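The values are calculated or read from the model by the stated rules, or taken from the named source; none is laboratory data. Bear in mind that the values here come from a model prediction, so they are computed numbers and not experimental data. Counting neighbours? That spans all protein chains shown, and the Cβs are built from the backbone with ideal geometry, glycine included. When the accessible area is computed, the model is the full protein with side chains, heavy atoms only, and any ligands, DNA or RNA have been set aside. Shrake-Rupley method; radii C 1.70, N 1.55, O 1.52, S 1.80 Å.
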Amino acid sequence: MTDMLEQQDWIRVAPDMEIEWRQQWEEGRDAAAFQDRCRALARRAVEGQDCEAEADALCAAMQRASARAGYPYEEPEEWEALCAVRGPAAQLPAPARDRLPDRIAGAWTGRIAGCLLGKPLEMLRSATIEDILHSTGNWPLSRYIDSRTFPEGLAERVAADKAAPWEKCWVDTIGGAAPVDDDTNYTVFALKLVETYGRDFRPNDVLEGWLTWLPMLSTCTAERAAYRNAAQGLTAPDTARRRNPYREWIGAQIRGDFFGYINPGHPRAAAEMAWRDGCISHVRNGVYGELYAAALVAAASAPTMEAVVQAALAEIPPRSRLYAEVCEVLEGWRSGRSWDDTRRFLVQRFDENCQHDWCHVLSNARIVTAALLYGGGDFGRSICLAVGSAFDTDCNGATVGSVVGMFAGAAAIPTAWTEPFGGKLRTSIDGYPLVSVGELTKKTLALCTEEEKVQ
């Protein structure tokens, strides 16, 4: 019998050397000569050979490759360099004092609800998702997925999808509280981080918090690679850069929301805190995704969702790949492009059957942006557009739910989205096995700046 630890993903780099090759290429290195070697090495590793030392040497060789001619992007990693290329911050009103509790409660509730909607569909591809929704009379997606509505044979078809073999947490199986998920774990973690280390926490404080309060196997992709690096004695930013093919994936983007919660109306302050968190595990667009998510939430005091997106866009480098992707969605929406055309362009540009595309920050940030714009501030429509687009369903549902919840407030979220989990959340964070939205809201309000409390 094979030991389970031998099968754990994202601890070893050799099986994912094809991903590492693609990441090197997308960062602008002329790595074409290494592609076949990376593919062959990954194949040998998947077959059970120990290729880690060889993988490390190959990564180092690609890192030394020259820059690709004509690479058009400027993507600084250091904070000072990033600040130097951004434009001015958006000037936004903070929520009125009497509305702030409802907005923060809405953000927490929205994140949990959006995650819960997307969680059972995570890693399923579009064809399986559409099969589920059509078969249960839920097309287009408009409500949680209840396995009691499954016709005969559907459960077996879903179980046969090799992309996500684990047991699904359909809404009727959660037991009255939202289940543990990394998309909500990190939001609660950020609350504990700021409570413990203060608003001026350092990147290495985040790493210390991970090692102290968060089990390693509750992390995924870039976070697990960074956790492994920290456990081996590395500190930030080296934890993000060493043996981490997932360094521009979505992981940091799902961690930024709380910094928006405690900086309402101040997207630049939220983005700076998000950088300190994101740089421990991600680089370039991976970090920019967290800045973008934090800024979206902080900017949700703007009068329209277009203004929210525009304010958040000001926090990321204007010659980055992420900036270009968000602008393309925004310009399409402004020109009257339909939702169907927007969705069709996404699946033409990114391949959901390729793990790198499926989990990358660029594909998923497009979905988040489009769902916010086309959802127009309507909570249910927005999270359903995000989740129904496939790719990283729970991550995108959670981020969109958080932004729209902050924008509209808890009172505007229909009870159909809140009743199944009864305002309760389970997590893997030390000290928070079960926590209520009310407690999370109270603690969050205590961490807002005095300026925000008295608006």
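The table for this structure:
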quantity	calculated
Checking residue 237 against (1) more than 15 Å from the chain's Cα centre (by Cα); (2) open to solvent by less than 10 Å² (accessible area, probe 1.4 Å), the condition it does not meet	(2)
For residue 102: the one exception among (1) open to solvent by less than 30 Å² (accessible area, probe 1.4 Å); (2) among the acidic types (Asp, Glu); (3) farther than 25 Å from residue 222 by Cβ	(1)
Test: residue in region 387-398 that is at pLDDT 95 or above, open to solvent by 10 Å² or more (accessible area, probe 1.4 Å) and in contact with a helix residue (DSSP H, G or I) (Cβ under 6 Å, 6 or more places away or on another chain)	no
Count of residues meeting criterion [part of a helix (DSSP H, G or I) and under 26 Å from residue 285 (Cβ atoms)] in region 46-73	8
Selection within region 243-269 - open to solvent by less than 10 Å² (accessible area, probe 1.4 Å), small (Gly, Ala, Ser) and either within 27 Å of residue 93 (Cβ to Cβ) or touching a His at 6+ places or on another chain (Cβ under 6 Å) (or both)	252, 256, 260, 265
Hits in region 40-53 - residues which are out of contact with any helix residue (DSSP H, G or I) (no Cβ under 6 Å at 6 or more places or on another chain) and not basic (Lys, Arg)	40, 47, 48, 49, 50, 53
Some residue of region 202-213 being surrounded by fewer than 19 Cβ atoms within 10 Å (Cβ to Cβ) and of a type in the set (Lys, Arg)	yes
Subset tally (residues that are open to solvent by 10 Å² or more (accessible area, probe 1.4 Å) and part of a helix (DSSP H, G or I)) for region 306-324	6
Some residue of region 357-369 being open to solvent by 10 Å² or more (accessible area, probe 1.4 Å), within 22 Å of residue 314 (Cβ to Cβ) and in contact with a Gly (Cβ under 7 Å, 6 or more places away or on another chain)	no
Residue 85 over 18 Å from residue 319 (Cα atoms), within 26 Å of the chain's Cα centre (by Cα) and open to solvent by less than 50 Å² (accessible area, probe 1.4 Å)	no
In region 224-234, residue most open to solvent (accessible area, probe 1.4 Å) [restricted to those that are of a type in the set (A, V, I, L, M, F, W, C) and over 24 Å from residue 357 (Cα atoms)]	231
Single match in 376, 336, 380 (criterion: modelled with pLDDT of 95 or more, farther than 16 Å from residue 270 by Cβ, in contact with a Pro (Cβ under 8 Å, 6 or more places away or on another chain) and open to solvent by 10 Å² or more (accessible area, probe 1.4 Å))	380
Residue list for region 107-128, filter: farther than 13 Å from residue 145 by Cα, at pLDDT 95 or above and open to solvent by 10 Å² or more (accessible area, probe 1.4 Å)	109
Helices (runs of 4 or more DSSP H) enclosed by region 76-186 - at least 3 residues per element that are touching a helix residue (DSSP H, G or I) at 6+ places or on another chain (Cβ under 9 Å) and within 23 Å of residue 427 (Cα to Cα)	100-118
Region 54-67 - residue that is among the charged types (D, E, K, R) and surrounded by 14 or more Cβ atoms within 10 Å (Cβ to Cβ) and, of those, farthest from residue 21 (Cα to Cα)	54
Some residue of region 392-406 being touching a residue at least 60 places away in the same chain (Cβ under 8 Å) and over 28 Å from residue 99 (Cα atoms)	yes
Meets criteria (open to solvent by 10 Å² or more (accessible area, probe 1.4 Å) and either under 16 Å from residue 362 (Cα atoms) or touching a residue at least 60 places away in the same chain (Cβ under 8 Å) (or both)) for residue 272	yes
Single residue of 404, 435 found to be surrounded by fewer than 23 Cβ atoms within 10 Å (Cβ to Cβ) and not charged (D, E, K, R)	435
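Yes/no per residue for (1) surrounded by fewer than 22 Cβ atoms within 10 Å (Cβ to Cβ); (2) modelled with pLDDT of 90 or more; (3) among the hydrophobic types (A, V, I, L, M, F, W, C):
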| residue | (1), (2), (3) |
| --- | --- |
| 159 | yes, no, yes |
| 164 | yes, no, yes |
| 167 | yes, no, no |
| 174 | yes, yes, yes |
| 182 | no, yes, no |
| 187 | no, yes, no |
| 190 | no, yes, yes |
| 193 | no, yes, yes |
| 199 | yes, yes, no |
